[in-house]
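A.B. asks: One structure follows; several queries about it will come next.
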Amino acid sequence: MEYQAKGTIKTILQVQTGTAKSGDEWKKIEFVVSNNSGYEGREQLYCFQIFGGEKVDNFLKYNKQGAEVLVKFSIQTNEYQGRYFTSLSAYRVESGERVEQSAQSNQPQHVEDEGQDEVPF
């Protein structure tokens, strides 16, 4: 499934790095986007993460705090020792004119996959 949210980058958190069990280096960043799509126009916050060295570097190169963005993301839940953790994984961040062209509203949207057959029950 594909979701998207439009808003302003409120905060860009510090880059996190580490080493996986396999010995590979990893890099991720989290950033907060806000808009007024909450109940009665209240501020709504979304904390997204980007995972991968090249993706993190590109995000930092082309985005800054205060920028209007359209974030396309997926929702992922992982289990670790009987506890569940849900994250909003951003895979595309559009800014500038693309935000106005791509987004119709400030609310997160679920985008249906075109051409996918419906289940008969």
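A.B. asks: With θ set to phi - 60° and the Karplus curve 6.51 cos²θ - 1.76 cosθ + 1.60, what are the ³J(HN,Hα) couplings of segment 15-21 in order, to the nearest whole Hz, using x for Gly and Pro?
C.D. replies: The phi angles translate into 5, 10, 10, x, 10, 6, 4 Hz.
A.B. asks: What are the lysines whose alpha-carbon lies under 20 Å from the alpha-carbon of residue 10, with same-chain residues fewer than 8 places away excluded?
C.D. replies: Within reach: 28, 55, 61, 64, 72.
A.B. asks: Quick one: 3J(HN,Hα) in Hz for segment 78-90, Karplus 6.51/-1.76/1.60 with θ = phi - 60°, rounded, Gly and Pro as x.
C.D. replies: 10, 10, 9, 6, x, 10, 10, 10, 10, 9, 9, 9, 6
A.B. asks: Residue 83 to residue 60: extension gain in nm, 0.36 nm per residue of separation minus the Cα-Cα distance? Intermediate values should be presented prior to the final figure.
C.D. replies: Details: separation 23, 0.36 × 23 = 8.28 nm, distance 3.13 nm.
Answer, rounded to one decimal: 5.2 nm.
A.B. asks: Further question on the same structure: Give me the mean projected area, in nm² to one decimal, of the convex hull enclosing the Cα positions of segment 30-103. Numbers along the way, then the final one.
C.D. replies: Values: hull surface 25.0 nm².
Result: 6.3 nm².
A.B. asks: To continue, here is another question. Order of 3-11, 49-57, 73-81 by packing, highest average Cβ count within 10 Å first? Display every interim value, and only then the final one.
C.D. replies: Numbers: 3-11: 18.7, 49-57: 15.8, 73-81: 10.3.
In descending order of packing, they fall as 3-11, 49-57, 73-81.
Every read-out reported here was derived from the displayed coordinates using simple, explicitly stated rules and does not represent laboratory data. Computed from a prediction, not measured in an experiment: that's the story for all the values here. Cβ sites come from the backbone with ideal geometry, for glycine too, and all protein chains shown count toward neighbours.
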